[in-house]
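No value in this document is a laboratory result; all are computed from the given coordinates. Values in this document were obtained by computation on a predicted structure and should not be read as measured data. Using ideal geometry, Cβ is built from the backbone for each residue, glycine included, and neighbour counts are taken over all protein chains shown.
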Amino acid sequence: MSHVIRLAVFGHPVAHSLSPRIHAAFGQQLGHLVDYTAIDAAPEAFTAALQAFAATGGTGANVTLPLKEAAFALANTCSERAHRAGAVNTLVRQGDTWHGENTDGTGLVRDLTERQGLDLRGRRTLLIGAGGAARGVAPALLDAGVDGLTVVNRTAARTDALADALGDPARVHPRYLEQLDEMGEFDLIVNATSAGRAGVVPDLPRSLVGMRTVAVDLSYGEAAVPFLAWARAHGARQTVDGLGMLVEQAAESFALWYGERPETDAVYDDLQSRTASLVTAD
Ligand code: ATR
């Protein structure tokens, strides 16, 4: 049994987070005692909450909505991926400083390629949203070899900011929502907006979806239902929610803290059966 390290997930709200359960299961699998709590911190209270956590021995953290961009700003150093994303979901204490990483994109690509069996290379891809979630996955999608990444967002200024941060003008195409009508079908559509949490679908033309389209929502559970139902209704070949990405990004974070990557299938299967039974029980 190894040493216990003190970990937490910061978010607002965060009570619903599955991360404590996922990391406890990983620890059990690899023989590590895991002390992982959920800490609710509003954006204005985040810096102080993280300082207090470090002062009481905190050595690693996940950061979730809406704090990922704030975590990037306050990390003392960060990985190249986190830098391109402008968002951090994993913090590692190094001496007196925090190092920022972003494992969301790696987690998404791993879920899509290994669990869902998709080849992302050459896929014409549409990313909807330009907040922390979209920023987290965009660099990894590009690195996975998608054939151009079109980015749209309700607020156009954020689309441009994301495209600039990605620094790949030959492959990243910022567009206005109104331009989508003329763009035809996409092979891969990734919904990285938070609209589903309000039970709505971003206003999108159905012409984006065709028989080859794989539709992905980065949310899981009920928040993923509106967009994935919309995509299915318009003929999408396959729909994928964000549960697999959640488990895979957690495994990547765990590996940064413990130096060992856990197996994810058993944890994924367990969570999927629980969320499925929650939905059918309604
Ligand atoms: P997150 O970290 O989940 O990305 P965020 O940074 O608040 O959270 O970003 C939320 C994203 O969802 C944004 O892209 C937002 O669009 P705006 O930038 O225009 O706010 C998008 N979003 C939220 N509700 C939406 C809706 N009803 N329709 C379309 N986009 C929506």
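Can you work out ³J(HN,Hα) from phi for every residue in segment 103-117, in order, using Karplus 6.51 cos²θ - 1.76 cosθ + 1.60 and θ = phi - 60°, giving whole Hz and x for Gly and Pro?
9, 4, x, 4, x, 5, 5, 5, 4, 5, 7, 8, 7, 8, x
What is segment 57-162 by shape, rounded, prolate or oblate, if you read a ≥ b ≥ c off the alpha carbon gyration tensor as root eigenvalues and call it rounded for a/c under 1.5, prolate for a/b larger than b/c, and oblate otherwise?
Here segment 57-162 falls in the oblate category.
For segment 250-261, just list the computed ³J(HN,Hα) in residue order, Karplus coefficients 6.51, -1.76 and 1.60, θ = phi - 60°, integers in Hz, with x standing in for Gly and Pro.
The phi angles translate into 5, 4, 5, 5, 4, 5, 5, 7, 10, x, 9, 9 Hz.
Could you give the size of the charge dipole of the chain about its Cα centre, using +1 on the Cβ of each K and R and -1 on the Cβ of each D and E, expressed in debye and rounded to the nearest 20? Could the numbers behind the result be given before it?
Values: 23 positive and 33 negative charges, 24 e Å.
Rounded to the nearest 20 debye, it is 120 debye.
Simple spin-label model, 7 Å along Cα-to-Cβ: residue 273 to residue 154 in nm?
Inter-label distance under the simple model: 3.8 nm.
Based on the Cα gyration tensor of segment 1-51, what are the three equivalent ellipsoid semi-axes, each the root of five times an eigenvalue, rounded to whole Å and given largest first?
Each semi-axis is the square root of five times an eigenvalue, giving 24, 13, 5 Å.
What is the Cα coordinate range of segment 44-84 on the first, second and third principal axes, sorted by size from largest, in whole angstrom?
Rounded to whole Å, the extents work out to 31, 20, 15 Å.
State the extension gain, in nm to one decimal, for the chain segment bounded by residue 261 and residue 73, taking 0.36 nm per residue of separation less the distance between their alpha-carbons. List each step's numbers first, then the result.
On the way: separation 188, 0.36 × 188 = 67.68 nm, distance 2.71 nm.
Extra length available between residue 261 and residue 73 comes to 65.0 nm.
At what distance in nm do the modelled label points of residue 30 and residue 170 sit from each other, each positioned 7 Å from its Cα along Cα→Cβ?
A separation of 3.7 nm, rounded to one decimal place.
Once phi is turned into θ = phi - 60°, what whole-Hz ³J(HN,Hα) does the Karplus curve with 6.51, -1.76 and 1.60 give for every residue of segment 14-22, x standing for Gly and Pro?
With the stated coefficients, segment 14-22 comes to 9, 4, 7, 4, 8, 4, x, 5, 5 Hz.
Quick one: Cα centre-to-centre distance for segment 94-108 and segment 8-51, in angstrom?
After rounding, the separation between the Cα centres reads 14 Å.
Amide H of residue 193 versus every other amide H placed in the peptide plane: which residues, excluding those fewer than 5 positions away on the same chain, fall under 5 Å?
none
The chain: Rg/Rh from Cα coordinates, Kirkwood Rh?
Rg/Rh: 0.96.
Let me know the shape class of segment 105-241, please: from the alpha-carbon gyration tensor, a ≥ b ≥ c as square roots of the eigenvalues, rounded when a/c is under 1.5, otherwise prolate if a/b is greater than b/c, or oblate.
Rounded.
Using only alpha carbons, build the gyration tensor for segment 177-277 and give me the equivalent ellipsoid semi-axes, biggest first, whole Å.
On the way: eigenvalues 170, 43, 32 Å².
Each semi-axis is √(5λ); the values are 29, 15, 13 Å.
Under 5 Å between amide hydrogens, which residues at least 5 positions from residue 78 or on another chain qualify, with H placed 1.01 Å from N in the peptide plane?
For residue 78, the qualifying residues are 100.
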